[in-house]
Amino acid sequence: MSEQALTVDLGNRSYPIVIGRGLFRNRFDLETFLPSDKCLVVTNETVGSLYLESLRECLPSSKVRSITLPDGEKYKTLSTARSVIDELVEAKADRKTSVIALGGGVIGDIAGFAAACYMRGVPFVQIPTTLLAQVDSSVGGKTGVNHPAGKNLIGAFHQPRIVLIETETLCTLPDREFRAGLAEVIKYGAIVDIEFFVWLEEHIETLLERDPEALTYAIRRSCEIKAGVVAQDECEAGKRALLNFGHTFGHAIEKSAGYGEWLHGEAVAVGMMMAASMSEISDDELDRLSALICAAGLPVIPPCVGADKLKAAMRTDKKIQSNKLRLVLLRALGSAFVTSEYSQDRLLEVVSRADG
Ligand code: NAD
Ligand code: GLY
């Protein structure tokens, strides 16, 4: 087993991201990162049946409880988060009881939110099992659930104590979910790192074959970029908003299509194309982005949900300030910025792609 560690540098709340193959098999000593041996593992029926027992081997304690939630974005609700809190109450959890998320971004977001709320915050651990969660949602402390009016409208910042990335879990990840994760990987190259973008252009086939070495590099580089941004702007006062490239359109697609119909990563892939089309980049750069997204087996055209529905969904975006929707656009591939200065006509044109 070779394991690599990065740090999310947040002063006395800094934490490691440990990336490795065989961490479960080799009984990674998770207990040393927990303030007490009491913990609640939050998982879902799919991931729990695959990995809960292996994780228990890393937690040699009799005080480990677990809760298995139903699987799916449509369950990322206040009522599901409440069921996790009910379990903590039932377990007489105290302020040193850790909540451990074992699953994809949906489980991480719900479990993290419950951990942020219970007793105003208990220790939290992220064990992400999808590519998307490993490169994005498990790092940075954003937790939350959806509201019928909008995606992730209810939430809190609550940083984990450790992010444990067992790359072997990706072996069981369905292909569609794997490709969805690649959207967020491509995002990092597009917004801040042209060299990584070029590496992705050169290695996309190898990544799709899930070559362990290529995957570990892509996960590590993505986490490094995200950790660097979060360390500079934990609560999204500025630079962190760049990580939302493609997300304003993407969240609107997810909501308009009905949560769960379009995977988050698929919606972000199309959203990145829509945002790039609004950007002053060259046709060549736009073609390269489109080619990489297509090569990853991801969509570049929005679903026919109707421009009006999409526009309405965009009105609940969290980047709206003083009634103005801010967008993350590209100066060039590898360089993004946030702006509320863009052509409304161009926005209407891009959104009207959802008319079919
Ligand atoms: P997900 O959590 O729904 O997981 C996708 C599917 O894969 C599920 O059916 C899950 O049960 C299954 N699965 C997970 N790991 C598996 C494995 N190893 N083997 C087999 N099946 C497995 O989806 P996701 O793409 O991981 O996360 C999407 C969510 O993350 C969205 O709700 C999105 O809003 C959120 N998100 C949050 C942040 C953040 O910063 N908090 C960032 C990006 C996305
Ligand atoms: N996924 C965007 C962020 O964590 O800020």
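Quick one: putting +1 on the C-beta of Lys and Arg, -1 on the C-beta of Asp and Glu, what dipole do you get for the range 138-240 around its Cα centre, in Debye to the nearest 20? Write down the numbers at each step before the final one.
Values: 12 positive and 17 negative charges, 126 e Å.
Its charge dipole is roughly 600 debye.
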Give the residue from SER335, ILE301, ALA111 lying farthest towards the positive end of the charge dipole for the chain; charges sit on Cβ (+1 for Lys and Arg, -1 for Asp and Glu) and the dipole is referred to the Cα centre. ALA111
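For the range 1-125, what class follows from the C-alpha gyration tensor (a ≥ b ≥ c being the square roots of its eigenvalues): rounded when a/c is under 1.5, otherwise prolate if a/b is larger than b/c, else oblate? The partial results should precede the final answer.
Values: a/c = 1.44, a/b = 1.25, b/c = 1.14.
Rounded, since a/c falls under 1.5.
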With an 8 Å cut-off on Cα pairs and a minimum separation of 6 or more residues, tell me the relative contact order of the chain in percent. 15 percent
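Using the per-residue mean of other Cβ atoms lying within 10 Å as a proxy for protection, in what order, highest first, do the peptides 267-273, 30-36 fall?
Working: 267-273: 27.4, 30-36: 15.7.
In decreasing order of mean packing, 267-273, 30-36 become 267-273, 30-36.
Counting only other residues whose beta carbon sits under 13 Å from that of ARG176, what net charge do I get with K and R as +1, D and E as -1? Intermediate results must be reported in sequence, preceding the final value.
Values: positive: ARG179; negative: ASP175, GLU177, GLU261, GLU266.
For residues surrounding ARG176, the net value is -3.
With the Cα gyration tensor of the chain giving a ≥ b ≥ c as the square roots of its eigenvalues, does the rule (a/c under 1.5 for rounded; else a/b larger than b/c for prolate; else oblate) give rounded, prolate or oblate?
Working: a/c = 1.84, a/b = 1.46, b/c = 1.26.
Because a/c hits 1.5 or more and a/b exceeds b/c, the chain counts as prolate.
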Mind ordering 280-292, 174-186 by average Cβ neighbours within 10 Å, highest first? 174-186, 280-292
For ASN44, the residues 5 or more places away or on another chain with a placed amide H closer than 5 Å to its own amide H are LEU69
May I ask you to order 304-311, 209-216 by the average number of other C-beta atoms within 10 Å around their residues, highest value first? 304-311, 209-216
Count charges around ARG120 for me, please; just the other residues with Cβ under 14 Å from its Cβ, Lys/Arg as +1, Asp/Glu as -1. +1
Between the range 292-356 and the range 12-57, the alpha-carbon center distance in angstrom: 37 Å
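Can you bin the range 153-262 into rounded, prolate or oblate? Criterion: square roots of the alpha carbon gyration tensor eigenvalues sorted a ≥ b ≥ c, rounded for a/c under 1.5, prolate for a/b above b/c, oblate for the rest. Please list the in-between numbers first.
Working: a/c = 1.44, a/b = 1.20, b/c = 1.20.
Rounded is the answer for the range 153-262, as its axis ratio a/c remains below 1.5.
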Would you mind checking the tilt of helix 45-57 against the longest principal axis of the Cα atoms of the chain, expressed as 0 to 90 degrees and rounded to 10? 50 degrees
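Count the net charge of all other residues whose Cβ sits under 14 Å from the Cβ of ARG65, scoring Lys and Arg as +1 and Asp and Glu as -1.
Working: positive: LYS38, ARG56, LYS63, LYS92; negative: ASP37, ASP86, GLU87, GLU90, ASP94.
Once positives and negatives cancel, what remains is -1.
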Angle between the Cα long axis of helix 105-117 and the longest principal axis of the chain, 0 to 90 degrees, nearest 10? 60 degrees
Beta bridges by DSSP in the chain, antiparallel share as percent, to the nearest 5: 45 percent
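Each value in this text was obtained by applying a stated rule to the coordinates, not by laboratory testing. Computed from a predicted model, the values in this text were never measured in an experiment. Using ideal geometry, Cβ is built from the backbone for each residue, glycine included, and neighbour counts are taken over all protein chains shown.
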